[in-house]
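Participant: There's a structure below that I have some questions on.
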Amino acid sequence: MQSTATQPPLKNGTRAQLKTLYRLMGECRLCPRECAINRLHGAQGVCRSGVRPRLASITRHFGEEPPISGTRGSGTVFFSNCNMRCVFCQNFPISQMRVGRDMTAAQLAAGMLRLQKEGAHNVNFVTPTHYAAQAAHAVYLARRKGCSLPVVWNTSGYERPETLRLLEGFVDIYLCDYRYATPALAKRYSRAEDYPALIEPVIEEMLRQVGHFSGGRGVIIRHLVMPGHLEETRIILGRIRQRFGPETTVSFMTQYFPAHKASRFSPINRRLTAEEARAALDMLAASGLENGWAQEDDNLASGGEME
Ligand code: SF4
């Protein structure tokens, strides 16, 4: 980490926060897995990640939600590895087969500056949870060199609020999945039985930091509808409305397809039927949630307010 002695004070995330994030890797409890291994000395936990950030790609991407992709694309940083490791992961070569290469936080910061030069609207950290320290470190370094892009934290939601608190000031947009409401499903598909108990405090911490999505800043909750599990969707939409309010911005996705090991897990070994997709969209319409987008097939089909 570079010295701040001669630098003007940072208005955003601080060096002290970074030090604490790195320290947490010494007995890693960055995420709810709480592996308690020393990543600073080469040990690896469930996410199989070391101290260097490992990246599959840094490039502009146009398939995110409309205010994230904009017209010039979102500057996506695809981190390798994952702390959740879902059986249906569509990015499994990157998330579970270690595709990518190790780099330094300074190299990542240089990539962020390149994205800014190319006109990206933001820097979009995809699956960053297990690299929270390294990602925040890169933001710190890039900002010192003139990077002014908003930072998107694009996460499964399998986070610890304690870790997220240390990201305050580094992140402008939280793009957070709400995957499961039922512990048995979270266990079956992600070995993360505690996900349903943790996800709402996690979103609350995100809202505390950046508020509801407005004017290019805030929280967007993503929900992917799973085949055969529409009841899960109904519960999740109800909980979002009840706990976070009808103004919550929701990105609703019905384009699930069975990837990775999903072929072994009925009923998620198929796409949604047309009836399921229609029923899910009806649930969304009846949910009372006012803001967001419904994403169908491969492209975002509609944007703006959900009315
Ligand atoms: S970030 Fe990785 S090593 Fe750390 S607690 Fe989570 S899964 Fe374990």
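The values are calculated or read from the model by the stated rules, or taken from the named source; none is laboratory data. Just so it is clear, the model here is predicted, and its values are computed rather than measured. Methodologically, a virtual Cβ is constructed for each residue, glycine included, from the backbone with ideal geometry; neighbour enumeration extends over all protein chains shown.
Participant: As an exercise: evaluate Ala16 against (1) farther than 21 Å from Leu149 by Cα; (2) more than 15 Å from the ligand (Cβ to nearest atom); (3) surrounded by 15 or more Cβ atoms within 10 Å (Cβ to Cβ); (4) modelled with pLDDT of 90 or more and give the number of the one condition it does not meet.
Facilitator: Among (1) farther than 21 Å from Leu149 by Cα; (2) more than 15 Å from the ligand (Cβ to nearest atom); (3) surrounded by 15 or more Cβ atoms within 10 Å (Cβ to Cβ); (4) modelled with pLDDT of 90 or more, the lone unmet condition for Ala16 is (3).
Participant: Is it the case that Phe78 is modelled with pLDDT under 95 and away from the ligand (no atom under 16 Å from the Cβ)?
Facilitator: No; evaluated as a whole, the condition is false for this residue.
Participant: Return the residues of the stretch 121-141 that are assigned to a loop (DSSP other than H, G, I, E, B) and either within 16 Å of the ligand (Cβ to nearest atom) or among the polar types (S, T, N, Q) (or both); say none if nothing qualifies. Break it down stepwise before answering.
Facilitator: The first filter runs over the stretch 121-141 and keeps only residues assigned to a loop (DSSP other than H, G, I, E, B), leaving 121-122, 127-128.
Scanning the stretch 121-141 gives Asn122, Thr127, Pro128.
Participant: Kindly establish whether Gly228 is in contact (Cβ under 8 Å) with a residue 24 or more places away in the chain and assigned to a helix (DSSP H, G or I).
Facilitator: Numbers: in contact (Cβ under 8 Å) with a residue 24 or more places away in the chain: yes; assigned to a helix (DSSP H, G or I): no.
Against the criterion (in contact (Cβ under 8 Å) with a residue 24 or more places away in the chain and assigned to a helix (DSSP H, G or I)), Gly228 does not qualify.
Participant: May I pose another question? Anything in the stretch 164-192 that is out of contact with any strand residue (DSSP E or B) (no Cβ under 9 Å at 6 or more places or on another chain) and either closer than 24 Å to Tyr140 by Cα or crowded, with 16+ Cβ neighbours inside 10 Å (or both)? List them, or say none.
Facilitator: Scanning the stretch 164-192 gives Arg165, Leu166, Glu168, Gly169, Tyr180, Ala181, Thr182, Leu185, Ala186, Tyr189, Ser190, Ala192.
Participant: Still on this structure, please answer the following. Look through Gly50, Gly75, Gly100 and report the one residue that is in contact with a Leu (Cβ under 6 Å, 6 or more places away or on another chain) and surrounded by fewer than 20 Cβ atoms within 10 Å (Cβ to Cβ).
Facilitator: Unique residue meeting the criteria: Gly100.
Participant: Search the stretch 33-43 for residues being of a type outside the set (D, E, K, R) and within 7 Å of the ligand (Cβ to nearest atom), and hand back the single one that is farthest from Val202 (Cα to Cα).
Facilitator: Of everything passing the filter in the stretch 33-43, Ile37 is farthest from Val202 (Cα to Cα).
Participant: Look through the stretch 142-163, keep the residues that are surrounded by fewer than 22 Cβ atoms within 10 Å (Cβ to Cβ) and not in a loop (DSSP other than H, G, I, E, B), and return whichever of them is farthest from the ligand (Cβ to nearest atom).
Facilitator: By that ranking, first place goes to Arg144.
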